[in-house]
Amino acid sequence: MSKEQLNKAFFAQTEEEVLAELNSTRDGLTKEEAAKRLAEYGENILEAGEKRTTLQKFLDQFKDFMILVLLAAAIISGTIGHEIADAIIILAVVIINAFLGVFQENKAEEAIEALKKMASPLANVKRGGEVIQVKSELLVPGDIIVLEAGDVVPADIRLYDVNSLKVEEAALTGESVPVEKDLRDVETDAALGDRKNMAFSSTNVTYGRAEGVVVLTGMNTEVGHIANMLQNAEEKKTPLQINQDQMGKSLTILILVIAVLMFIIGFGFNGRPWLDMLMVSISVAVAAIPEGLPAITTIILALGTQKMASRNALVRKLPAVETLGGTEVICSDKTGTLTQNKMTIEKVYYDGQVHDADENIDLELPVMKIMNLANDTKIANDKSLIGDPTETAMVQYGLEKGFDLSAKLVDMPRIAEVPFESDRKLMSTIHPEGNQFMVATKGAPDELLKRCTHIIKAGVISPITDADRKEILDTNHSLAIQALRVLAMAFKNVAAVPAKMTTEAVETDLVFAGLIGMIDPERPEAKQAIAQAQKAGIRTVMITGDHRDTASAIATRLGILDENSSAKAVITGAELNDISDDDFLRTVQNYSVYARVSPEHKVRIVKAWQDQGKVVAMTGDGVNDAPSLKQADIGIGMGITGTEVSKGASDMVLADDNFATIVHAVEEGRKVFANIQKAVQYLLSANLGEVLTLFIATVLGWQILEPIHLLWINLVTDVFPAIALGLEEAEKDVMEQAPRGRSSNFFSNGVFTSMIYQGIYEGSITLFVFWLATGYYGFELHIGEAMAFLTLGFIQLSHAFNCKSVFKSLFSVNPFGNKMFNYAILLSLALMLMVAFTPGLNTIFGIYDMTGQQWMIVVAAALSVIPFVEIVKAILRAVGYDKKVNQIKE
């Protein structure tokens with residue numbers, strides 16, 4: 001038998017067929033045969049993909065086009081321009097970004113390492129009929145495994161002997177409660193969660209025991225398949241990185257064209273010395289390239305991560321902050337994210353009526369005593385509950401109502417029991433009560449009702465009638481269609497404990513006491529968060545391993561589905577298998593809920609939305625979520641219930657496992673992108689003003705600014721105000737705007753228009769001041785240059801206030817509310833004034849013997865940008881341009 005033959009659907013075969021296929025028996029393999037197969041199939045471990053060295057990762061960071069441009073700018077600035085400080089700043093920015101990139105890439109590789117750590121260290125194996133312990137990596141197909149409560153399943157196992165086995169598979173399948181295993185036939189197209197005769201590698205046995213044969217090991221297991229998907233997941237650039245690339249290429253081409261034109265015009269047509277024009281052209285190129293933008297972006301993103309961390313969203317990769325802001329679709333896991341991941345009693349049926357769980361209840365009612373006594377939950381010293389989630393929900397309900405289980409067990413200790421078995425779906429315990437003994441039985445309503453001959457209503461026991469049975473079954477159905485998990489309670493009093501604890505001796509002639517309906521309820525804040533997301537234009541899609549009815553009911557309660565939603569809005573993994581990729585791509589927007597899905601389905605759903613051009617966020621806590629978390633534009637792991645695998649594959653981790661935190665993070669992400677846009681608007685409008693000033697001056701034959709003027713403005717006025725703009729508070733309507741999506745970029749939402757008209761104004765005013773000084777008033781050339789230099793520097797600082805909002809008036813909010821911004825402006829202003837008034841420095845910059853009149857002209861020109869921009873903004877708001885470009889709903 002070859003490796004390739006191991007990928008058969010063993011769950012659809014009989015025990016005999018499986019053992020024959022694997023050439024094994026219930027006594028297991030001989031040690032010699034096991035050693036032979038180990039050589040053939042390899043160790044039962046997850047293989048790591050080919051790893052790149054840290055040096056390779058570091059060098060790869062320099063392949064980005066914008067980074068190459070910055071390196072070229074640093075070389076030119078440091079060699080030809082002799083601006084060492086400028087070159088050092090650029091190089092520092094590039095190197096810091098490279099180190100951050102390597103750090104983020106190393107963090108991403110943690111997912112595979114975490115998968116390996118989930119494996120069981122030892123396994124109980126039958127070899128030659130004898131049970132021995134061996135290291136799990138030495139297991140081979142055909143080995144016979146003995147499983148007990150507390151074990152980690154060491155490989156994919158086809159079970160053939162099951163004794164009340166329950167396996168926690170939430171990490172792999174998304175099931176919210178442990179799965180009861182049985183040996184019934186399974187269809188060949190059964191979903192992973194429906195393969196009840198299988199136990200999967202890295203899941204946990206919570207109850208019972210079983211034997212089975214190893215059918216798949218290592219990378220052939222379900223968890224191995226996930227590891228393979230993780231290794232082969234395509235690394236994608238974030239929208240932020242794509243925007244930076246596009247902007248870098250466009251700006252570089254434009255700047256180089258302008259620099260060449262300036263050199264040709266100045267040297268070729270106006271006769272200026274070629275070396276002077278070369279230095280001017282280089283200065284323009286260096287000044288026009290926003291070399292501080294990567295650093296400013298990194299700082300703004302880092303500040304955003306701190307803000308998100310304070311709201312329980314822990315960002316692992318900096319670009320994820322901005323990606324969140326562009327999210328259009330959130331594919332959310334149900335259990336633990338939209339729900340509380342805690343089974344809770346919602347309805348209790350007794351005395352012929354359904355009661356809400358928040359109603360008061362008589363603690364001596366049989367239904368209350370039975371749910372607490374026929375229960376294996378343990379109360380720890382710290383009062384926490386240990387046991388099956390279904391059973392702990394009953395005890396928790398009792399504790400909340402004042403039922404003291406510990407005291408009750410002192411009076412009515414368990415003295416005998418008939419344990420739960422999946423075949424009969426019942427559990428019974430026996431307790432002394434007065435001079436008699438109480439049999440407390442709970443289980444599946446249809447099975448328990450068959451064993452009831454009486455019913456208790458209002459404390460009166462009477463024979464159960466057909467009408468009673470119909471009412472009970474109807475109530476059971478009514479609760480079930482609300483996606484409640486329903487259990488029935490019954491009891492009887494006996495004079496003595498039966499000699500044999502069998503179902504025939506104990507679980508007959510019972511008195512029906514009631515029903516309880518429980519569910520993993522939705523988080524109270526999740527519904528509000530989903531509504532807020534919808535208002536922000538974000539679609540929420542629920543993906544779960546639970547059954548269709550459960551998923552549909554929770555989705556309706558959360559508002560993902562409404563009463564008018566088509567039943568076709570809910571689809572199962574099996575139905576998804578029948579849809580071609582092309583058809584699914586066309587219809588993916590029709591589905592809001594996916595039930596009973598596999599890891600491949602999750603990846604397929606995310607990719608379909610991405611192929612629609614959407615920015616997709618995916619949440620998950622299990623191993624099965626890891627491939628889709630990595631595929632998504634923004635993978636969101638769970639900090640409390642999440643596996644290390646899912647956290648390692650995520651871009652962001654929720655410290656509170658709360659969907660509402662995602663919406664808060666989206667809001668912060670939108671703010672971060674808006675603030676980056678403000679920085680871009682500020683930097684590029686300033687750079688455009690500089691380029692325009694020099695270009696037109698060159699065409700006119702004016703000598704308006706020296707290279708040192710440009711480089712000082714570039715150094716002093718660009719960085720500090722731009723970083724401070726990243727600390728602006730979010731605008732009030734940020735969550736009323738439509739998502740940016742993939743088509744958006746740094747120039748969207750009115751930024752390009754603002755940048756153009758504001759840059760033109762800055763350049764025009766600077767040229768006007770120079771003409772006024774030298775042409776109108778006849779001041780000396782160095783005075784004209786000094787006034788143009790100061791005007792250009794100060795007007796950029798004034799204009800920084802305009803950039804607090806693209807369209808809103810500066811005076812609609814407190815213009816001085818951002819303290820860091822105020823400090824940044826004052827610092828830049830002080831540095832500008834320093835070169836104007838410091839002896840020696842003012843001579844180098846040509847700023848000396850300026851009169852009060854000349855200073856008044858400079859200040860008035862610099863401040864004029866504020867009323868000018870206010871007027872333009874008012875016009876744009878009046879014509880509704882602001883709402884149009886931001887897609888704000890009226």
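Laboratory data are not the source of any read-out in this text; all were calculated from the coordinates shown. All values reported here derive from a predicted model rather than from experimental measurement. Using ideal geometry, Cβ is built from the backbone for each residue, glycine included, and neighbour counts are taken over all protein chains shown.
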If r is the Cβ-Cβ distance from ILE696 to ASP581 and R0 is 45 Å, what FRET efficiency results, to the nearest 0.05? 0.20
Where in segment 764-779 does the label zone of THR851 land, with the point 7 angstrom along Cα→C-beta and an amide N cut-off under 19 Å? 769-779
Ranking request for peptides 423-431, 850-858: highest mean number of other beta-carbon atoms within 10 Å first, then the rest in descending order. 423-431, 850-858
If the only charges are +1 at each Lys and Arg Cβ and -1 at each Asp and Glu Cβ, what is the size of the charge dipole of segment 413-552 around the Cα centre, to the nearest 20 debye? 340 debye
For segment 370-413, what class follows from the C-alpha gyration tensor (a ≥ b ≥ c being the square roots of its eigenvalues): rounded when a/c is under 1.5, otherwise prolate if a/b is larger than b/c, else oblate? rounded
Starting from the Cα of ALA505, move 7 Å in the Cα-to-Cβ direction to define the label point; list residues of segment 428-457 whose amide nitrogen is under 19 Å from there. 428-433, 436-442
For segment 358-408, which GluC sites (Glu not before Pro) pass both filters: DSSP loop (anything but H, G, I, E, B) and at most 13 other C-beta atoms within 10 Å? GLU359, GLU364
Label-point separation in nm, TRP274 to ALA480, each point 7 Å along Cα→Cβ: 9.2 nm
Could you calculate the FRET efficiency of SER764 with GLN306 from 1/(1 + (r/R0)^6), where r is the beta carbon distance between them and R0 is 25 Å, rounded to 0.05? 0.05
Per residue of segment 214-226, in order, report the coupling 6.51 cos²θ - 1.76 cosθ + 1.60 (Karplus, θ = phi - 60°) as ³J(HN,Hα) in whole Hz, putting x for Gly and Pro. 5, 10, 9, 10, x, 6, 7, 6, 4, 5, x, 4, 5
5 Å is the cut-off here: which amide hydrogens, built 1.01 Å from N in the peptide plane, fall below it relative to LYS492, excluding neighbours closer than 5 in sequence? VAL439, VAL511
Hey, rough spin-label estimate for ASN228 and LEU122, points 7 angstrom out along Cα→Cβ, what's it come to in nanometres? 3.2 nm
To the nearest 0.05, how large is the calculated FRET efficiency for ASP185 and ASP611 if R₀ is 35 Å and r is the Cβ-Cβ distance? 0.40
Given points 7 Å out from each Cα along the Cα-Cβ axis, report the ASN493 to LEU829 separation in nanometres with one decimal. 8.9 nm
For Cα extents along the principal axes in Å, pick the label among (1) 120, 67, 51; (2) 113, 63, 61; (3) 99, 72, 50 that corresponds to the value derived from the coordinates. (1)
Only Cα pairs under 8 Å and at least 6 apart count here; give the relative contact order of the chain as a rounded whole percent. 13 percent
Of the listed links LYS317/LYS602; LYS181/LYS457; LYS126/LYS166; LYS31/LYS166, those spanning more than 25 angstrom between alpha carbons are LYS181/LYS457; LYS31/LYS166
Can you pull the Kirkwood radius for segment 436-500, inverse mean 1/r over Cα pairs, to one decimal in Å? 13.2 Å
Highest first, please rank the peptides 213-225, 725-737, 483-495 by the mean number of other Cβ atoms sitting within 10 Å of their residues. 213-225, 483-495, 725-737
Could you give each residue of segment 475-485 its phi-based ³J(HN,Hα) in whole Hz, using Karplus coefficients 6.51, -1.76, 1.60 with θ = phi - 60°, and x for Gly or Pro? 5, 4, 5, 4, 6, 5, 6, 8, 6, 8, 7
Which of the trypsin sites (Lys or Arg not before Pro) found in segment 787-853 are in a DSSP loop and have at most 15 neighbouring Cβ atoms, other than their own, within 10 Å? LYS808
Only helical DSSP H runs with n ≥ 4 go in: add -39500 (n - 2.57) per run for the chain, normalise by residue count and round the 222 nm mean residue ellipticity to 500 deg cm²/dmol. -14500 deg cm²/dmol
Segments 16-23, 836-843 sorted - mean Cβ within 10 Å per residue, highest first: 16-23, 836-843
How much length, in nm to one decimal, is gained on full extension between ILE844 and GLU471, taken as 0.36 nm per residue of separation minus their Cα-Cα distance? 124.5 nm
Dipole check, segment 345-517, charges on Cβ (K,R +1; D,E -1), about Cα centroid: among GLY514, LEU409, THR390 the Cα furthest to the positive pole belongs to LEU409
Set LYS347/LYS500; LYS527/LYS873; LYS249/LYS678; LYS378/LYS630, cut-off 29 Å on Cα-Cα distance; pairs above it are LYS347/LYS500; LYS527/LYS873; LYS378/LYS630
Once amide H atoms are built 1.01 Å from N in the peptide plane, which residues 5 or more positions from LEU426, or in another chain, come under 5 Å H to H? GLU421
About its Cα centre, how strong a charge dipole does the chain have in debye, to the nearest 20, once Lys and Arg get +1 and Asp and Glu get -1 at the Cβ? 1780 debye
Within segment 362-422, report the trypsin sites (Lys or Arg not before Pro) that DSSP leaves as loop and that have at most 11 other Cβ atoms within 10 Å. LYS383
